[in-house]
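Student: Take a look at this one; I'll ask things after.
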């Protein structure tokens, strides 16, 4: 499913199935451990030969993060593919500790080199500030670091995740005051169930500023697929533990509405949930 963005008519994948990554990245050394970064469980071969979650990981991981290493190997194995895809990644993720180095200039300039090496590319098409900086780094410093990367040709566009309208507006003001690039894309948690943090001032600001918006948890971790309808369903996958919060009277109403529309249209509930999301004026 595709939709044009407000800026560059780029296209964003909604998800990449684990089964696809497993097939494509079988040749990547340490792949099982890398998958465990996503599931937070050790993966072992099940009765049918497929990887299944075993015990939770307790030791440090050898290779991280999953997507950069796997996608980098995938691109390397396909000459010419780099020109056909857009590469997005983030800085400021929780990997070595609480937000690791935050969004200081020094940390960003060091982190981008590691990402470029893992991905095996010369430039990142869209580089996100993943979380609000717990260190209190100024927007001027963070955006200044991004400005250096863009001028050096290592990053083509910048985005931000998990911020509210006040923070996003402040970043715009700081960018304008200091002659720095502003965030062009926002990535919020947003779906048919989780609506409060994006709808309202944040969505209105994105529309007013022509900010591209790509969401995460678009299917509420799978709840909106209709796969999880009771506590008995929570054991169907490693994500089950994060679904219980949706098993509420409101969640039941959402699923009932999805079921009705899906049946009338002859499609799956997940398709309805994604179509609703992409029809939102603020979502690109």
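Student: Check the stretch 213-231 and report whether any residue there is surrounded by fewer than 17 Cβ atoms within 10 Å (Cβ to Cβ), assigned to a loop (DSSP other than H, G, I, E, B) and in contact with a helix residue (DSSP H, G or I) (Cβ under 8 Å, 6 or more places away or on another chain).
Tutor: Yes, because at least one residue in the stretch 213-231 is surrounded by fewer than 17 Cβ atoms within 10 Å (Cβ to Cβ), assigned to a loop (DSSP other than H, G, I, E, B) and in contact with a helix residue (DSSP H, G or I) (Cβ under 8 Å, 6 or more places away or on another chain).
Let's see how each residue does on (1) modelled with pLDDT of 95 or more; (2) in contact with a strand residue (DSSP E or B) (Cβ under 7 Å, 6 or more places away or on another chain); (3) outside any helix (DSSP H, G or I); (4) buried (at least 20 other Cβ atoms within 10 Å of the Cβ):
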| site | (1), (2), (3), (4) |
| --- | --- |
| 192 | yes, no, yes, yes |
| 198 | yes, no, yes, yes |
| 207 | yes, no, no, no |
| 253 | yes, no, no, no |
| 262 | yes, no, no, no |
| 267 | yes, no, yes, no |
| 271 | yes, no, no, no |
| 275 | yes, no, no, no |
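Student: Further, regarding this structure: Which residues, counting only those in the stretch 77-103, are buried (at least 20 other Cβ atoms within 10 Å of the Cβ), under 14 Å from the mean Cα position of the chain (by Cα) and at pLDDT below 90?
Tutor: The answer is 92, and nothing else.
Student: If I go through the stretch 151-170 residue by residue, how many of them are in contact (Cβ under 8 Å) with a residue 24 or more places away in the chain and within 20 Å of residue 125 (Cβ to Cβ)?
Tutor: Within the stretch 151-170, residues that are in contact (Cβ under 8 Å) with a residue 24 or more places away in the chain and within 20 Å of residue 125 (Cβ to Cβ) number 9.
Student: For the stretch 126-163, enumerate the residues that are within 21 Å of the chain's Cα centre (by Cα), crowded, with 16+ Cβ neighbours inside 10 Å and part of a loop (DSSP other than H, G, I, E, B).
Tutor: Across the stretch 126-163, the qualifying residues are 130, 131, 132, 133, 154, 156, 157, 162, 163.
Student: To continue, here is another question. If you scan the stretch 107-125, which residues turn out to be within 18 Å of the chain's Cα centre (by Cα) and surrounded by fewer than 18 Cβ atoms within 10 Å (Cβ to Cβ)?
Tutor: Passing the criteria: only 125.
Student: For the structure I just gave you, tell me whether residue 180 is outside any helix (DSSP H, G or I), modelled with pLDDT of 95 or more and under 18 Å from residue 282 (Cα atoms). Spell out the reasoning first.
Tutor: Details: outside any helix (DSSP H, G or I): yes; modelled with pLDDT of 95 or more: yes; under 18 Å from residue 282 (Cα atoms): no.
Here the answer is no, as residue 180 does not meet what is asked.
The values are calculated or read from the model by the stated rules, or taken from the named source; none is laboratory data. Keep in mind that this is a model prediction, so the values were computed, not measured. Cβ: placed from backbone, ideal geometry, glycine included. Neighbour counts: every protein chain shown.
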